[in-house]
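The values are calculated or read from the model by the stated rules, or taken from the named source; none is laboratory data. The shown structure was predicted, so the numbers you read here are calculated from the model rather than taken from an experiment. Cβ placement follows ideal geometry from the backbone for every residue including glycine, while neighbour counts extend to all protein chains displayed.
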Amino acid sequence: MSASTAGTLPVRRARAWHRRYGLALLGSGIVLAWILIAVAAPLIAPYSPTDVDVTARLLRPSGAHWLGTDELGRDVLSRLIYGSRISLMTGIVVVAVGAVIGTAVGGVAAFVGGRVEDAIMRFTDLVLCFPPIILALAIAAALGIGTTNTILAMLVVWWPKFARLARSLVLQQRSREYVEAATVAGYGPGRILGRHIIPNAVGPLVVLITLDVGNAIITFAGLS
């Protein structure tokens with residue numbers, strides 16, 4: 001291998017690495033920056049998001065107010081920074097709780113089988129047949145105004161997707177040799193499912209969780 005060829009190999013590898021992971025790094029950087037801004041909102045925001053100043057209402061963007069002010073004279077930039085905390089918290093809570101509920105429901109359905117599985121999955125299909133945003137909007141309207149009620153309404157429509165994925169993953173793992181060995185060893189169904197099957201099937205669930213936080217935030221914004 002010549003010196004010139006050896007010198008170009010690291011460059012080619014770097015370019016290939018950037019082509020493969022560049023967008024992922026960019027997206028991760030944006031998410032990380034958003035999280036840092038949300039956590040450090042009291043230190044970053046130039047004004048309190050609730051301070052009212054009617055003498056400064058509807059100001060255009062300027063050095064004092066980078067994004068201007070609203071009809072009550074509140075700084076728009078400060079309200080955006082603080083609002084990101086609520087959006088981020090809501091997205092994480094809805095996806096995390098929905099994933100736990102859906103994984104438990106789908107895992108039990110697949111592991112038990114029979115009529116229990118049929119009943120659980122038919123109910124899951126019933127929830128999935130409605131447009132999520134429409135069903136969540138109807139539930140939120142019935143529960144009333146409030147962040148907590150909005151989160152509850154979203155949870156009703158959020159767990160079924162995880163239930164169906166968990167069911168398919170558990171069905172794949174249930175026939176594996178390590179499950180048969182655990183059954184022969186006398187382990188109970190709960191221990192086999194919780195300590196052996198779910199940990200080995202968690203990969204695709206984690207991918208869905210990470211991709212679904214953004215959808216949860218958008219849905220929360222629509223319901224708000």
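Selection of first residues in the stretch 27-46 that are outside the structural domain of Ile92 (by TED's automatic domain parsing) and of second residues that are loosely packed, with under 10 Cβ neighbours inside 10 Å, restricted to Cβ pairs under 6 Å at least 6 apart or on distinct chains, gives an empty result. Based on this model, can you work out whether Ala136 counts as surrounded by 12 or more Cβ atoms within 10 Å (Cβ to Cβ) and closer than 16 Å to Val105 by Cα? For Ala136, the condition - surrounded by 12 or more Cβ atoms within 10 Å (Cβ to Cβ) and closer than 16 Å to Val105 by Cα - is not met.
Of the helices (runs of 4 or more DSSP H) that lie entirely inside the stretch 132-224, those containing 2 or more residues that are within 28 Å of Gly113 (Cα to Cα) span 147-174, 177-184, 189-192, 202-223.
Residues checked against (1) in the same structural domain as Leu32 (by TED's automatic domain parsing); (2) touching a residue at least 40 places away in the same chain (Cβ under 8 Å); (3) over 30 Å from Ile198 (Cβ atoms):
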site: Asp51; (1), (2), (3): no, no, yes
site: Ser62; (1), (2), (3): no, no, yes
site: Gly73; (1), (2), (3): no, no, yes
site: Ile101; (1), (2), (3): no, yes, no
site: Ala119; (1), (2), (3): no, no, no
site: Thr124; (1), (2), (3): no, yes, no
site: Pro132; (1), (2), (3): no, yes, no
site: Ala140; (1), (2), (3): no, yes, yes
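Has the stretch 56-69 got at least one residue that is touching a Lys or Arg at 6+ places or on another chain (Cβ under 6 Å), at positive phi and not in a helix (DSSP H, G or I)? There is at least one residue in the stretch 56-69 that is touching a Lys or Arg at 6+ places or on another chain (Cβ under 6 Å), at positive phi and not in a helix (DSSP H, G or I).
With the requirement that a residue be outside any helix (DSSP H, G or I) and not small (Gly, Ala, Ser), what does the stretch 42-55 give you? Selection gives Pro46, Tyr47, Pro49, Thr50, Asp51, Val52, Asp53. Among Phe123, Phe111, which is surrounded by 15 or more Cβ atoms within 10 Å (Cβ to Cβ), closer than 29 Å to Asn200 by Cα and among the aromatic types (Phe, Trp, Tyr)? None of the others qualify; the one that does is Phe111.
Does Val97 qualify as being of a type in the set (Val, Ile, Thr), more than 30 Å from Ile44 (Cβ to Cβ), part of a helix (DSSP H, G or I) and out of contact with any Lys or Arg (no Cβ under 6 Å at 6 or more places or on another chain)? Considered against the rule, which asks whether it is of a type in the set (Val, Ile, Thr), more than 30 Å from Ile44 (Cβ to Cβ), part of a helix (DSSP H, G or I) and out of contact with any Lys or Arg (no Cβ under 6 Å at 6 or more places or on another chain), Val97 comes out as no. Filtered by the rule that a residue be among the aliphatic types (A, V, I, L, M) and surrounded by fewer than 21 Cβ atoms within 10 Å (Cβ to Cβ), the stretch 82-108 gives Ile86, Leu88, Met89, Ile92, Val93, Ala96, Val97, Val100, Ile101, Ala104, Val108. Within the set Ala142, Ala181, Ala110, the sole residue that is at pLDDT 90 or above, at negative phi and hydrophobic (A, V, I, L, M, F, W, C) turns out to be Ala142. There is at least one residue in the stretch 182-190 that is surrounded by 12 or more Cβ atoms within 10 Å (Cβ to Cβ), free of Cβ contacts under 8 Å to residues at least 60 places away in the same chain and of a type in the set (Gly, Ala, Ser). Of a type in the set (Val, Ile, Thr), farther than 23 Å from Ala38 by Cα and surrounded by fewer than 19 Cβ atoms within 10 Å (Cβ to Cβ), is that true of Val157? No: the conditions fail for Val157.
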